[in-house]
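Scroll down for the structure; my scribbles are underneath it.
The values are calculated or read from the model by the stated rules, or taken from the named source; none is laboratory data. Note that the structure is a prediction, hence the values are computed from the model and not measured. Note: ideal-geometry Cβ built from the backbone for every residue, glycine included; neighbour counts use all protein chains shown.
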Amino acid sequence: MITFSFYGTSHGEGYGGAIEGLPDGFVFDVEEINKQLARRKQGYGRSGRQTFEDVAVFEDACGNKVTVNGEVKFFVANACRESRPEITALRSGHSDVVGRARYPELTVRQIAEFSSARSSVCYVVLGAICKQYLAQKGIFTYHYVEKIGGISSRNRYVFGKSENQPHFAVLHCPCRYATELMKQAVDKARREGNSLGGIVAVGATGVPMGLGEIAPYSERLDAQIACHLMGIPSVKGIGFGINDKFASLSGVETHDELEVKNGKIVYATDKCGGIVAGLTTGRDILCRLTVKPVPTVKGVATVDSGTLAVAEQHFERADTCVVPNVGVIAENILAFVLANQILKQEKEL
């Protein structure tokens with residue numbers, strides 16, 4: 001199994017980590033990892049900090065290649081290193097208040113530093129390595145934006161084709177018309193010092209049938225996916241397949257159809273999102289993440305921790321919309337979950 005440990009702070013030297021459990025002899029491309037790190041930073045609605053480049057540096061790298069031989073160590077330097085003032089006008093949507101309850105020995109600024117979403121660079125590095133491992137097996141993870149600020153995509157996403165549309169790079173939405181409306185909404189929110197959330201779909205294609213576990217419940221593949229994806233900052237909900245439609249439709253309407261192809265029984269439809277009883281069906285794994293708006297916004301009343309008086313919430317440089325970027329993080333984390341399960345089952349054989 002793949003295990004890892006990460007360290008770092010948002011405005012310190014940077015983030016680093018150690019990864020164990022990858023198969024010895026597996027060779028991965030560092031440039032492909034840096035491409036994923038660049039995707040994590042890019043996007044309409046990001047703050048000025050995202051103009052800095054993230055570069056992963058690996059111990060024992062030979063040029064742009066790393067051959068796994070035990071532990072893999074890496075470091076991603078912070079281009080933006082600065083000392084920031086203490087936060088007293090508490091932000092209820094950040095770790096400010098709850099963090100003080102859990103770590104009373106730390107300041108709010110210290111808590112904000114180590115709970116920052118910038119730590120996701122570590123998970124992208126991990127996932128980007130796993131994406132390369134999965135690609136050798138014909139498995140690929142992806143994501144696309146379905147909704148931002150109440151504006152929904154009208155077009156169906158098609159793996160390998162939607163990404164090639166010129167407008168897709170803007171907000172990772174397969175619909176050009178919706179993309180333009182989303183851009184306008186993001187621009188308006190930015191001018192007002194506000195932020196927007198949305199829904200991003202995360203999937204994997206090429207996954208064989210029978211990957212995962214039935215028991216215990218916590219080891220079911222959808223449970224593992226949900227556990228890891230729900231840990232991404234700003235993610236507040238997850239649903240598989242047709243998601244909330246399961247609640248309003250009947251069993252007859254929601255069941256997946258079976259058919260025979262090349263002498264084998266296969267799933268003809270994918271309402272379940274590619275997983276049944278904790279095991280993959282052979283269809284695309286597909287889940288949807290609900291992403292809340294970034295909580296650093298202007299004009300919100302709060303309490304000052306020093307005076308206990310009403311104050312305006314602390315505001316500093318922040319993203320306006322991170323929905324597409326959550327998708328990048330999520331597809332890389334999904335790659336880790338799948339690679340980890342494959343390695344586990346291969347070891348059992």
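Structure notes:
- Among the criteria (1) acidic (Asp, Glu); (2) surrounded by fewer than 18 Cβ atoms within 10 Å (Cβ to Cβ); (3) assigned to a loop (DSSP other than H, G, I, E, B), the one Asp319 does not fulfil is (2).
- Qualifying residue in the range 159-174 (condition: under 21 Å from Val297 (Cβ atoms) and either touching a residue at least 60 places away in the same chain (Cβ under 8 Å) or among the charged types (D, E, K, R) (or both)): yes
- Residues in the range 246-257 that are touching a Lys or Arg at 6+ places or on another chain (Cβ under 8 Å) and either among the charged types (D, E, K, R) or surrounded by 15 or more Cβ atoms within 10 Å (Cβ to Cβ) (or both): Thr254, Asp256.
- Given (1) under 30 Å from Tyr7 (Cα atoms); (2) in a helix (DSSP H, G or I); (3) at pLDDT 95 or above; (4) of a type in the set (Ser, Thr, Tyr), number of the condition Thr179 does not satisfy: (1)
- Of the residues making up the range 94-104, none is closer than 21 Å to Asn332 by Cβ and free of Cβ contacts under 8 Å to residues at least 40 places away in the same chain.
- The range 45-95 - residue that is of a type in the set (Lys, Arg) and part of a strand (DSSP E or B) and, of those, nearest to Val108 (Cα to Cα): Lys73
- Only residues that are among the aromatic types (Phe, Trp, Tyr), touching a Lys or Arg at 6+ places or on another chain (Cβ under 9 Å) and in a helix (DSSP H, G or I) were counted in the range 115-172, giving 1.
- In the range 20-44, of all residues being in a loop (DSSP other than H, G, I, E, B) and under 23 Å from Ile329 (Cβ atoms), the one that is modelled with the lowest pLDDT corresponds to Gly43.
- For His255: the one exception among (1) touching a residue at least 60 places away in the same chain (Cβ under 8 Å); (2) over 21 Å from Ile148 (Cα atoms): (1)
- Cβ-Cβ contacts under 7 Å between residues 6 or more apart (or on different chains), taken from a first residue in the range 20-32 that is aromatic (Phe, Trp, Tyr) to a second residue that is in a loop (DSSP other than H, G, I, E, B) and surrounded by 12 or more Cβ atoms within 10 Å (Cβ to Cβ), are listed as Phe26/Val68.
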